[in-house]
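What follows is a short report on a single structure.
The values are calculated or read from the model by the stated rules, or taken from the named source; none is laboratory data. Keep in mind that what you see is a predicted model, and the values were worked out from it rather than measured. As a convention, Cβ positions derive from the backbone with ideal geometry for all residues, glycine included, and neighbour counts pool all protein chains shown. Accessible surface is based on the protein model in full, side chains and every heavy atom, while ligands, DNA and RNA are left aside. Shrake-Rupley method; radii C 1.70, N 1.55, O 1.52, S 1.80 Å.
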Amino acid sequence: MSEPQPPALHGGAVSPRLVLGSGSPRRRELLGVLGIVPDAVQPPDIDETPRPGETPRGYCARIAREKAAAVATEADDIVLCADTTVAMGRRIMGKPRDAGEAAQFLLALSGRRHRVITSVCVRRGDRTWHRDVESRVRMKPLSDLELNAYLATGDWQGKAGGYGIQGPAGAFIPWTSGSFSAIVGLPLAETAALLAAAGFPVWQQVAA
Ligand SMILES: Cc1cn([C@H]2C[C@H](O)[C@@H](COP(=O)(O)OP(=O)(O)OP(=O)(O)O)O2)c(=O)[nH]c1=O
């Protein structure tokens, strides 16, 4: 009688390939927190312009789905994509084009609460698994000194709303509610659940 076999580890014959459809270093690092190293990283190239009248949540969900659809994969590959959007009421704040737009975003956020939405989309062949995670963030009133010093760091570049809570702008955020990892770009709990639903051996990776 043969011994029971351990489950196939990632990279073994039965484990699907994981493609991270993202150029965000934060998303790669957060996936690494789960012990998961993607087999390939393929940043999607899509038009992220909001449609007229689109709500921030609807926008974020649509963009995450479009990213997942845009990444070319083999039939059995699993692709993981996400989008993070900062929302002030119905106003959508994506990644600022330049320091001037980052300043506009930060002045609007200063001293107020806003929402950060991260939508995650996992696709395997024609099937998709999707979650939207909404968090709330309060930013202290920013002085001119704080605003200008932060803009000078360049840390705002490539970040929705023009700030990164995980960097020096953390000093502007006295309160959040929701998921810290989602604010940074990839909600760990929901991502692990979606990958597992798609058949990715999440816990073999974590244990390896
Ligand atoms: C609000 C906030 C956003 N962000 C980042 C996460 C995302 O990388 C970025 C929002 O832009 P996204 O368009 O979601 O992602 P991206 O262009 O960086 O990468 P890709 O589309 O290839 O996956 O903002 C932080 O790092 N910290 C924060 O506190």
Among residues of segment 176-199 being polar (S, T, N, Q) and over 16 Å from the mean Cα position of the chain (by Cα), the residue farthest from the ligand (Cβ to nearest atom) is 177
Please determine whether any residue of segment 176-183 is open to solvent by less than 30 Å² (accessible area, probe 1.4 Å) and among the aliphatic types (A, V, I, L, M). yes
Open to solvent by 70 Å² or more (accessible area, probe 1.4 Å) and either assigned to a helix (DSSP H, G or I) or in contact with an Asp or Glu (Cβ under 8 Å, 6 or more places away or on another chain) (or both): does that describe residue 65? yes
Among residues of segment 159-175 being within 12 Å of the ligand (Cβ to nearest atom) and open to solvent by 40 Å² or more (accessible area, probe 1.4 Å), the residue farthest from residue 129 (Cα to Cα) is 168
For segment 54-83, pairs from a residue that is acidic (Asp, Glu) to a residue that is buried (at least 21 other Cβ atoms within 10 Å of the Cβ), with Cβ under 6 Å and 6 or more apart or across chains, are 77/19; 83/60; 83/63; 83/64; 83/119
Scanning segment 21-36 for residues that are touching a residue at least 12 places away in the same chain (Cβ under 8 Å), under 19 Å from residue 196 (Cα atoms), in a helix (DSSP H, G or I) and open to solvent by 20 Å² or more (accessible area, probe 1.4 Å) gives 27, 28, 30, 33
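Tell me, yes or no, whether segment 96-108 has at least one residue that is within 18 Å of the chain's Cα centre (by Cα), within 11 Å of the ligand (Cβ to nearest atom) and closer than 20 Å to residue 167 by Cα.
Yes: one or more hits.
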Please verify whether residue 15 is closer than 21 Å to residue 199 by Cβ, more than 14 Å from the chain's Cα centre (by Cα) and assigned to a loop (DSSP other than H, G, I, E, B), treating the condition exactly as stated. yes
The residue that is most open to solvent (accessible area, probe 1.4 Å), considering only those in segment 68-99 that are closer than 21 Å to residue 29 by Cα and of a type in the set (Val, Ile, Thr), is 84
Restricting segment 132-149 to residues that are within 18 Å of residue 94 (Cβ to Cβ) and not small (Gly, Ala, Ser), the one nearest to the ligand (Cβ to nearest atom) turns out to be 137
